[in-house]
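Worksheet for the structure shown next.
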Amino acid sequence: MKSFDALILGAGPAGLTAALYLVRGGMSTALVEKGAPGGQVLSTAEIENYPGFPKGIKGWELADMFSAHLDEYPVERLRGEIVSLEIPAQEGGWFEARFAEDGESVRARSVIVCTGAHHRALGAPGEDRFTGRGVSYCAVCDGNFYRGKNVAVVGGGNSALEEALYLARIVDKVYLIHRREGFRGSKVYVDKIAAMPDKIELVTSHVIDEIRGGENMDAIAVRHVGSGKTRVIPVEGLFIYVGMQPLSGFLPAALDMDAQGFVRTDAEMRTNLPGLFAAGDVRAKLCRQVSSAVGDGATAATAALSYLERMNG
Ligand code: NAP
């Protein structure tokens, strides 16, 4: 079995940064990548709030730059999905992570969980049936299919606002459905949306009762939460952005997580289990940004370095 000082699970901004810091700290380091490096950054069209890019940068370009930076160092990059993580019997022992594909395992003295989160389902009738046939969770991946057509976006956070703006550049019209009047997302996006009422129609204080269609979806039935008045909006696509769900189901039961499965850490990214750290969107926290994921990754790696130095005496 391959053994490392540090094993990093997930190759988004948090994992790529943690790997960079650990390998530069002289630790034998492995990074497990499920998909292409970059994580959620890859499905973000334009990143406007990562410092150093005043004109914004495409998500895939930033992901490529992060990954290329790590290529300069001898990090072992392992492809696959980890399905279980065994914790050591005592502090300083080995963690063992098992891969889905072949049941093979790797072990490490410390582990940093950077597996991130994915978009939550809405739970509306018709959602499962029309997923891939109108319903999507990724505007960058699927937006192009709706060129010149009408689509809806549901949600009121930064993801929904950002993706509504992205889609407005491609499609004929976007209906932005949100269950309240006020938006959770940044004012800069709310203002941009308000400035283009012909392109993005706000359907606030409405919920989606049903997604309708035949072979493919062709409409959503929405209801005003106050009056109960219903309306059918003909759209060929629905992009769902109603929050994130952590990818933490494979982690040991002894690990402290919140009710939604986000991993609890202290300010140094230490979990309740010695030698196990978490960074990025999988962590219970308020701010989920590329910049905060990078910061988490650096902090977790620094804490892991001091743990490893203490264990190595
Ligand atoms: P989020 O901030 O948690 O927002 C989720 C939105 O979905 C909320 O507006 C919520 O409504 C709504 N919602 C939740 N459940 C719903 C349901 N069952 N039916 C209808 N609406 C529902 O999630 P997010 O937008 O995916 O963002 C996740 C994190 O990533 C946030 O921290 C966000 O700031 C960050 N992010 C940042 C950027 C950026 O800075 N450029 C871009 C993307 C994401 P309520 O408001 O009523 O609760």
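Details
- Amide H contacts of S28 (H built 1.01 Å from N, in plane; Pro and chain starts excluded): D5, A6 sit under 5 Å, all sequence-distant by 5 or more or on other chains.
- With the highest mean first, a sort of the peptides 111-119, 163-171, 191-199, 267-275 on other beta-carbon atoms found within 10 angstrom per residue produces 111-119, 163-171, 267-275, 191-199.
- Computed E for A195/L286 - FRET, C-beta separation, R0 25 angstrom, nearest 0.05: 0.35
- Among A14, A108, A36, the largest mean-square fluctuation in a Gaussian network model of the chain (Cα springs under 10 Å) belongs to A36.
- Backbone HN-Hα couplings from phi across region 162-170 [Karplus 6.51/-1.76/1.60, Hz, Gly and Pro as x]: 4, 6, 4, 5, 4, 5, 4, 7, 10
- Free-standing Cys residues across the chain, given no other cysteine C-beta under 4.7 angstrom: C114, C287
- At R0 = 30 Å, FRET efficiency that the Cβ-Cβ distance of Y50 and R180 yields, to 0.05: 0.60
- Part-to-part distance (alpha-carbon centres) for region 200-225 and region 7-64, which is given in Å: 35
- Proximal charge balance of E96 [Cβ under 9 Å; K/R count +1, D/E count -1]: +1
- With the simple spin-label model, which puts each label point 7 Å out from Cα in the Cβ direction, the D218 to D64 separation comes to 4.1 nm.
- Backbone N under 18 Å from the S205 label point (7 Å along Cα→Cβ), restricted to region 224-240: 224-232
- Listed residues A89, I240, G59: farthest to the positive end of the dipole of the chain (Cβ charges): I240
- Where trypsin sites (Lys or Arg not before Pro) fall in DSSP loop in region 1-93, at most 15 other Cβ within 10 Å: K55
- Share, in percent, of DSSP beta bridges within the chain that are antiparallel, nearest 5: 45
- Here's how it looks for I112: its modeled amide H is under 5 Å from those of L7, I8, L9, F277, which are all 5 or more places away or on a different chain.
- For the chain, the Cβ-based charge dipole about the Cα centre amounts to some 760 debye (Lys, Arg positive; Asp, Glu negative; other atoms uncharged).
- Computed E for N312/A121 - FRET, C-beta separation, R0 45 angstrom, nearest 0.05: 0.50
- Distance histogram for the chain (every C-alpha pair counted, 20 angstrom bins, percent rounded to whole numbers): 32, 50, 18, 0
- Eligible aspartates and glutamates near K149 by straight Cα distance, threshold 13 Å, same-chain separation 8 or greater: D172, D218, E236
- Between the alpha-carbon centres of region 80-148 and region 248-297 there is a gap of 15 Å.
- Taking other residues whose beta carbon is less than 11 angstrom from the beta carbon of V140, and scoring Lys, Arg as +1 and Asp, Glu as -1, yields -3.
- Backbone phi angles across region 238-247, fed through the Karplus curve with coefficients 6.51, -1.76 and 1.60 (θ = phi - 60°), yield HN-Hα couplings of 10, 9, 9, 9, 10, x, 10, 10, x, 9 Hz in residue order; Gly and Pro are listed as x.
- For the residue pairs K55/K199; K34/K55; K199/K229; K55/K187, alpha carbon separations beyond 21 Å are given by K55/K199; K34/K55; K199/K229.
- The GluC sites (Glu not before Pro) of region 170-221 that DSSP puts in a loop, and whose beta carbon has at most 14 other beta carbons within 10 Å, are E181, E215.
- The Rg/Rh ratio for region 121-240 is 0.93, where Rg is the radius of gyration of the alpha carbons and Rh is the Kirkwood radius.
Here, each number is a calculation from the coordinates, and none is a lab measurement. Remember, predicted model here, so these are calculated numbers, not experimental data. When we count neighbours, we look across all protein chains shown, and the Cβ atoms used for this are built from the backbone with ideal geometry, even at glycine.
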